[in-house]
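A quick write-up on the structure given underneath.
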Amino acid sequence: MRKNFNRHPVLSEKIFFRKEKKIVIVNRAALHKKYGINGIILMLKQDFKLIKKNIKRFIHFNIQNSVHTPGKKYLIIRLYKRGYFNGVSSKRPILDSENVILAKCLSSENNIEYKNIKRKVFKRSLSNTKNVNALKKTILRRYKKTLAHLSDNEKLSLGVATTDLKIIKRF
């Protein structure tokens with residue numbers, strides 16, 4: 001497994017949201033201050049819809065690592081249009097302003113090899129990631145465009161990170 005792979009372009013102070021039929025630009029710092037958050041967790045539409053109203057807690061998976069800190073709050077936002085990152089250039093995603101979720105990170109673990117993932121983690125994962133094979137498919141689907149410069153084998157060699165999230169509020 002590779003360590004410390006940079007999978008993020010430089011963060012922009014601007015965040016693009018789709019609001020009704022328009023694209024609006026929001027200042028990242030203002031959004032963080034308004035909701036008292038430490039960051040944003042982006043989810044594809046097909047994953048976001050699996051966070052049912054009755055779910056109060058779930059495990060979220062990232063490729064290789066995350067910056068999620070226990071005790072800190074995060075907004076979970078559905079992607080309207082994916083961004084792109086090929087290791088050199090990037091295009092920012094457009095986020096959907098409807099159905100935003102505020103969550104608190106209960107725990108986070110980075111750089112986990114697939115063979116070392118404990119079964120109990122899948123008990124609180126979303127319904128499309130209930131075993132290692134399903135998780136691998138999910139990771140490849142999620143990072144198809146944002147890590148377009150890596151092969152599927154390279155993506156899987158990075159391992160995963162888990163974030164245990166408790167839902168606080170839905171907007």
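The values are calculated or read from the model by the stated rules, or taken from the named source; none is laboratory data. Small disclaimer: the values here were computed from a predicted structure and weren't measured. Please note: Cβ atoms are built from the backbone with ideal geometry, for glycine as well, and neighbour counts cover all protein chains shown.
Can you name every residue in the range 44-69 that is touching a Lys or Arg at 6+ places or on another chain (Cβ under 9 Å) and either within 15 Å of Ala161 (Cβ to Cβ) or among the acidic types (Asp, Glu) (or both)?
Asp47, Phe58, Ile59, Phe61, Asn62, Ile63, Gln64, Asn65
So if I check each of Glu109, Glu113, Glu154, which one is in contact with a Lys or Arg (Cβ under 9 Å, 6 or more places away or on another chain) and either more than 22 Å from Lys53 (Cα to Cα) or surrounded by fewer than 18 Cβ atoms within 10 Å (Cβ to Cβ) (or both)? Walk me through it before giving the result.
Details: Glu109 fails: in contact with a Lys or Arg (Cβ under 9 Å, 6 or more places away or on another chain); Glu113 fails: in contact with a Lys or Arg (Cβ under 9 Å, 6 or more places away or on another chain).
Going through Glu109, Glu113, Glu154 in turn, just one is in contact with a Lys or Arg (Cβ under 9 Å, 6 or more places away or on another chain) and either more than 22 Å from Lys53 (Cα to Cα) or surrounded by fewer than 18 Cβ atoms within 10 Å (Cβ to Cβ) (or both): Glu154.
Considering each of Ser89, Ser12 in turn, give the residue that is at pLDDT below 95, over 14 Å from the mean Cα position of the chain (by Cα), loosely packed, with under 11 Cβ neighbours inside 10 Å and more than 24 Å from Arg119 (Cα to Cα).
On the way: Ser12 fails: loosely packed, with under 11 Cβ neighbours inside 10 Å.
Being at pLDDT below 95, over 14 Å from the mean Cα position of the chain (by Cα), loosely packed, with under 11 Cβ neighbours inside 10 Å and more than 24 Å from Arg119 (Cα to Cα) holds for just one of Ser89, Ser12, which is Ser89.
For the range 117-136, which positions are closer than 25 Å to Lys72 by Cβ and assigned to a helix (DSSP H, G or I)? Can you show your working first?
First, the residues of the range 117-136 that are closer than 25 Å to Lys72 by Cβ: 117-118, 120-126, 129, 135.
Correct list: Lys120, Val121, Phe122, Lys123, Leu135.
From (1) assigned to a loop (DSSP other than H, G, I, E, B); (2) under 25 Å from Lys104 (Cα atoms), pick out the condition that doesn't hold for Ile139.
(1)
For the subset of the range 130-144 comprising residues that are at pLDDT 95 or above and surrounded by 17 or more Cβ atoms within 10 Å (Cβ to Cβ), which member is nearest to Lys49 (Cα to Cα)?
Thr138
Any idea how many residues of the range 72-96 are of a type outside the set (A, V, I, L, M, F, W, C), in a strand (DSSP E or B) and closer than 27 Å to Lys166 by Cβ? Can you show your working first?
We begin by selecting, within the range 72-96, every residue of a type outside the set (A, V, I, L, M, F, W, C); these are 72-74, 78, 80-84, 86-87, 89-93, 96.
Those left that are additionally in a strand (DSSP E or B): 73-74, 78, 80-81, 84, 90-91, 96.
Subset that is closer than 27 Å to Lys166 by Cβ: 73-74, 78, 80, 96.
Final tally of qualifying residues: 5.
Looking at (1) over 12 Å from the mean Cα position of the chain (by Cα); (2) part of a loop (DSSP other than H, G, I, E, B); (3) under 21 Å from Lys34 (Cβ atoms), which one does His68 not meet, given that it meets all the others?
In the conditions (1) over 12 Å from the mean Cα position of the chain (by Cα); (2) part of a loop (DSSP other than H, G, I, E, B); (3) under 21 Å from Lys34 (Cβ atoms), His68 misses (1) alone.
Does the range 97-108 contain at least one residue that is part of a helix (DSSP H, G or I), at pLDDT 95 or above and either over 24 Å from Ile23 (Cβ atoms) or touching a Cys at 6+ places or on another chain (Cβ under 7 Å) (or both)? Even if it seems obvious, please write down each step before you answer.
We begin by selecting, within the range 97-108, every residue part of a helix (DSSP H, G or I); these are none.
Within the range 97-108, not a single residue is part of a helix (DSSP H, G or I), at pLDDT 95 or above and either over 24 Å from Ile23 (Cβ atoms) or touching a Cys at 6+ places or on another chain (Cβ under 7 Å) (or both).
Can you tell me how many residues in the range 54-65 are in a strand (DSSP E or B) and over 14 Å from the mean Cα position of the chain (by Cα)? Before the answer, list the steps.
Here is the first cut: in the range 54-65, the residues in a strand (DSSP E or B) are 57-63.
Going one step further and asking which of them are over 14 Å from the mean Cα position of the chain (by Cα), we end up with 57.
The total comes to 1.
How many residues are surrounded by fewer than 20 Cβ atoms within 10 Å (Cβ to Cβ) and either modelled with pLDDT of 95 or more or of a type in the set (S, T, N, Q) (or both) when one looks only at the range 59-80? Please lay out each step first, then the result.
Going residue by residue through the range 59-80, those that are surrounded by fewer than 20 Cβ atoms within 10 Å (Cβ to Cβ) are 59, 65, 67, 69-73, 79-80.
After this cut, where a residue has to be either modelled with pLDDT of 95 or more or of a type in the set (S, T, N, Q) (or both) as well, the list is 59, 65, 69-73, 79-80.
Adding up the residues that qualify gives 9.
Can you go through Ile94, Ile117 and tell me which one is in contact with a strand residue (DSSP E or B) (Cβ under 9 Å, 6 or more places away or on another chain), of a type in the set (A, V, I, L, M, F, W, C) and within 21 Å of His68 (Cβ to Cβ)? Talk me through it step by step, then tell me what you get.
Numbers: Ile94 fails: within 21 Å of His68 (Cβ to Cβ).
None of the other options fit; the residue is Ile117.
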